[in-house]
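Report on the following structure.
FYI, it's all coordinate maths here, none of it is from the lab. From a predicted model like this one, the values you see are computed outputs, not experimental measurements. Note: ideal-geometry Cβ built from the backbone for every residue, glycine included; neighbour counts use all protein chains shown.
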Amino acid sequence: MPVYHRHYTPGQSQFITTSVYRRVQLFRSDRLARHFVDVLRELRAEMKFALIGWVLMPEHFHILLRPQPADATTLIAQQLKQQSAFRVLTALKDHAQHPWCGKVLKRLHLPPTVHDSSHYRL
């Protein structure tokens, strides 16, 4: 299997795309979509990257940004996914008694430790 290396050039735009685990359509929920948008806004302020454009689909997202420094793209993507996942899982767990949230949690098939919010740190 080939090994691909990423090359980050200062001043160049970077494209990030990823899908939700098991392609669960989490972002059909306005509340869960807002969690993602809030994390993106907070990371942008904290990490000082230029956000050129983004789109949030029901089970994936695309982001076009210009990070500073250029190799911060990996950290931005990692933080965006981790912090969004933490907030989304917390919201689902807190509302597990609602049929849709319970169904989504079952669809994700996560181990019990993932549902434990003390497992994550912001």
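For the options Leu40, Leu110, Leu92, a Gaussian network treatment of the chain with springs between C-alpha atoms closer than 10 Å singles out Leu110 as fluctuating the most.
Normalised by the number of residues in the chain, the mean separation of alpha-carbon contacts (under 8 Å, six or more apart) gives a relative contact order of 28 percent.
Stokes-Einstein diffusion for the chain at 37 °C, viscosity 0.692 mPa s, with a Kirkwood radius from C-alpha pairs, works out to 211 µm²/s. The lysines within cross-link reach of Lys48, meaning a Cα-to-Cα straight distance under 27 Å and a gap of 8 or more places when in the same chain, are Lys81.
Simple rule: put +1 on each Lys or Arg Cβ and -1 on each Asp or Glu Cβ in the chain, find the dipole, and look at His95, Ala70, Ala45; the Cα lying farthest toward the positive end is His95. Using only side-chain charges placed at the Cβ, +1 for Lys and Arg and -1 for Asp and Glu, the dipole size of the chain relative to its Cα centre rounds to 260 debye.
With the cut-off at under 17 Å, measuring from each backbone N in segment 1-40 to a point 7 Å along the Cα-to-Cβ line of Trp100 picks out 24-37. Inter-part distance, segment 1-48 to segment 52-70, computed on C-alpha centroids, equals 5 Å. Exposure proxy for Ile52, Ile76, Ile16: other Cβ atoms within 10 Å of each Cβ, ordered fewest to most, give Ile52, Ile16, Ile76.
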